[in-house]
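Novice: One structure is given below, represented as structure tokens, and several questions about it will come after.
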Amino acid sequence: MVRCRFAPSPTGNLHVGGVRTALFNWLFAKNQEGSFILRIEDTDTERSEKRFEDQIFSSMRWCGLDWSEGPDIGGKYGPYRQSERVELGVYDEYAQELVKRGAAYYAVYSRSDPENALRISSQKPENLGDDEVFTVKFKIPQGSTQFNDLSKGEMSFENENFGDFIIVKSNGFPTYNFAVVVDDHLMEISHVFRGEDHLTNTPRQLMIYRALDWEPPTFMHIPLILGSDRAPLSKRHGHTSVDHFRSEGYLSVGLMNYLALLGWTVDQEIFDYHEKVKDFVPSDISNKGVVFDYEKLEWINGKHMRLIDSERLCAQFGLWLKFTGRFDYYASLESDSHYMCEVLSMCREKVNTMEQLYDFSLPFFVEVIDYQEEYVMKYLKNDWSKDLVAAAIRAFEEATDWSVEGAERTIRGLADMKITSKKNTFQLLRGSVTGRLVTPGLFETFSVLGRDRVIERLESLLEMIEYEEGDFSS
């Protein structure tokens, strides 16, 4: 049975590169009707934090990468948190076995000089001095280490290029290269897909597998996601955490669609990765590094925002508002969910993220319009401005058809009055109900706002113009 795993360390925010690795493992496990396991590698006791672990769970769920075994849900191969496995002595048994086989040894160090061993032994050190600690080190065997990588083919490393390395630290915690071998073996992991930055770790891990007479999993080392300078993607290139893109209002389906395209050859550009499980073949993953294109990601996300139905869009917008802490704003919108969905469905045509949708749709949900300075200077300081607004109030008070077509007839009728040019008429009316010059379609805007909102906003604008002229009377 195929068993794949994703094993992040809770030492920081979940990186998009890590999520792409998780995605490929998830796709292969699902394609093979196998299991996808989430394991937390928290042996770095100084940097591991519970908040980062919680964030990993949250981000993975948001991405839609469900797991069949993990720290939160358990499983027959648990526990799935390395610190808990340390407490159970899982790694001690195999460290001792390696020492017994002559493949590892104890090394005593001075706390003040952790680089140079004072003495080594096949027996566990006793009666240590106050300044002494010991570790367990793996002894590099002679010869070479070969393996077949699903991406890179046959790989061979000369063992003489590696020095003996620590497998159990002085605090009793296993190092990464040791713990990952023990965990993958005991959890019966069949395939390990991971970033190619782990490629140099693989020979060390295979030496441990062979020293314990264990069958290693099948490895595939995936090229890294790169920045614009073709160096591994990092914070210096821009934001890289899943939480950032979630906060910015990217849909999980949009982000995952883009990450899937970074190296995977697929027959279409816009898709939901859940629908591509049956098509996933590891050999379709490129062996070349791919550059993370923030503009392409935004474009793909915009496509998904326009593809999903209105109800799902509104639900996703509500979840995003709550995730970003806009609870009061969400509550005010939820009170008229039908209107909210009409507005969002109209506004999404010109935006690519939830953050942009929030900003673009904001004028439709406020009680007091904030008029942009450019609009005021170009369209409210003219001798025809007041007359046009007054005429618009009369026209919309008489209007009975508030469909898009009806709104268009009313607005074109105002333009035909030739109080000013058609462009001026359209732009003054556009800003009169939104405060902005860039909005959704003019006729759609008036139709969605409806009679009461339109007349109320036009009357408020007329009062403002009269006040500015100095003849406002209360």
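Novice: Keeping to segment 440-461, report how many residues are in contact with a helix residue (DSSP H, G or I) (Cβ under 7 Å, 6 or more places away or on another chain) and open to solvent by less than 30 Å² (accessible area, probe 1.4 Å).
Specialist: 12
Novice: Filter segment 282-297 for residues that are free of Cβ contacts under 8 Å to residues at least 60 places away in the same chain and either of a type in the set (Phe, Trp, Tyr) or open to solvent by 60 Å² or more (accessible area, probe 1.4 Å) (or both) and give the result.
Specialist: Filtering segment 282-297 down to residues free of Cβ contacts under 8 Å to residues at least 60 places away in the same chain leaves 284, 293-297.
Hits for segment 282-297 are Asp293, Tyr294, Glu295, Lys296.
Novice: Do we find a residue being within 24 Å of Glu53 (Cα to Cα), open to solvent by less than 60 Å² (accessible area, probe 1.4 Å) and without any contact (Cβ under 8 Å) to a residue 12 or more places away in the chain anywhere in segment 172-187?
Specialist: no
Novice: When segment 361-402 is examined, which residues are found to be closer than 30 Å to Leu255 by Cβ and touching a residue at least 60 places away in the same chain (Cβ under 8 Å)?
Specialist: Pro363, Phe364
Novice: When only residues in segment 128-152 that are among the polar types (S, T, N, Q) and over 11 Å from Val108 (Cβ atoms) count, which is most open to solvent (accessible area, probe 1.4 Å)?
Specialist: Kept after step one, since they are among the polar types (S, T, N, Q), are these residues of segment 128-152: 135, 142, 144-146, 148, 151.
Remaining after also requiring over 11 Å from Val108 (Cβ atoms): 142, 144-146, 148, 151.
Values: Gln142: 182, Ser144: 45, Thr145: 5, Gln146: 84, Asn148: 78, Ser151: 26 Å².
Residue satisfying both the conditions and the ranking: Gln142.
Novice: Related question: Please determine, by comparing only the residues of segment 202-246 that are surrounded by 15 or more Cβ atoms within 10 Å (Cβ to Cβ) and of a type in the set (Lys, Arg), which one is nearest to Val182 (Cα to Cα).
Specialist: Arg204
Novice: Go through segment 361-445 and tell me which helices (runs of 4 or more DSSP H), entirely inside it, have 2 or more residues that are modelled with pLDDT of 95 or more and within 23 Å of Met340 (Cα to Cα).
Specialist: Output list reads 404-416, 422-434.
Novice: Please go through segment 317-328 and pick out each residue that is open to solvent by less than 60 Å² (accessible area, probe 1.4 Å), part of a helix (DSSP H, G or I) and free of Cβ contacts under 8 Å to residues at least 24 places away in the same chain.
Specialist: Gly318
Novice: Return a yes/no flag: does segment 24-39 have any residue that is in a loop (DSSP other than H, G, I, E, B), in contact (Cβ under 8 Å) with a residue 40 or more places away in the chain, over 18 Å from Ala260 (Cα atoms) and of a type in the set (Val, Ile, Thr).
Specialist: The answer is no, given that none of the residues of segment 24-39 is in a loop (DSSP other than H, G, I, E, B), in contact (Cβ under 8 Å) with a residue 40 or more places away in the chain, over 18 Å from Ala260 (Cα atoms) and of a type in the set (Val, Ile, Thr).
Novice: Next question. Those residues that are open to solvent by less than 50 Å² (accessible area, probe 1.4 Å), part of a loop (DSSP other than H, G, I, E, B) and modelled with pLDDT of 95 or more, I need them from segment 42-77; list them, please.
Specialist: Gly64, Leu65, Trp67, Pro71, Gly75, Tyr77 - these are the residues of segment 42-77 that are open to solvent by less than 50 Å² (accessible area, probe 1.4 Å), part of a loop (DSSP other than H, G, I, E, B) and modelled with pLDDT of 95 or more.
Novice: Of the residues in segment 412-425, how many are crowded, with 16+ Cβ neighbours inside 10 Å and in contact with a helix residue (DSSP H, G or I) (Cβ under 6 Å, 6 or more places away or on another chain)?
Specialist: Counting residues in segment 412-425 that are crowded, with 16+ Cβ neighbours inside 10 Å and in contact with a helix residue (DSSP H, G or I) (Cβ under 6 Å, 6 or more places away or on another chain) gives 4.
Novice: Are there any pairs, at least 6 apart or on different chains, whose C-beta atoms fall under 9 Å, with the first in segment 263-281 and exposed (fewer than 12 other Cβ atoms within 10 Å of the Cβ) and the second in a helix (DSSP H, G or I) and of a type in the set (Asp, Glu), and if so, which?
Specialist: Listed pairs, sorted by first residue: Thr265/Asp284; Asp267/Asp279.
Novice: How many residues are without any contact (Cβ under 8 Å) to a residue 60 or more places away in the chain, open to solvent by 40 Å² or more (accessible area, probe 1.4 Å) and assigned to a helix (DSSP H, G or I) when one looks only at segment 93-112?
Specialist: Result for segment 93-112: 3.
The values are calculated or read from the model by the stated rules, or taken from the named source; none is laboratory data. Everything numeric here is computed off the predicted structure, so don't read it as measured data. Cβ atoms come from the backbone with ideal geometry, glycine included; neighbour counts cover every protein chain shown. Just the protein is used for accessible areas: all its heavy atoms, side chains included, with ligands, DNA and RNA removed. Shrake-Rupley method; radii C 1.70, N 1.55, O 1.52, S 1.80 Å.
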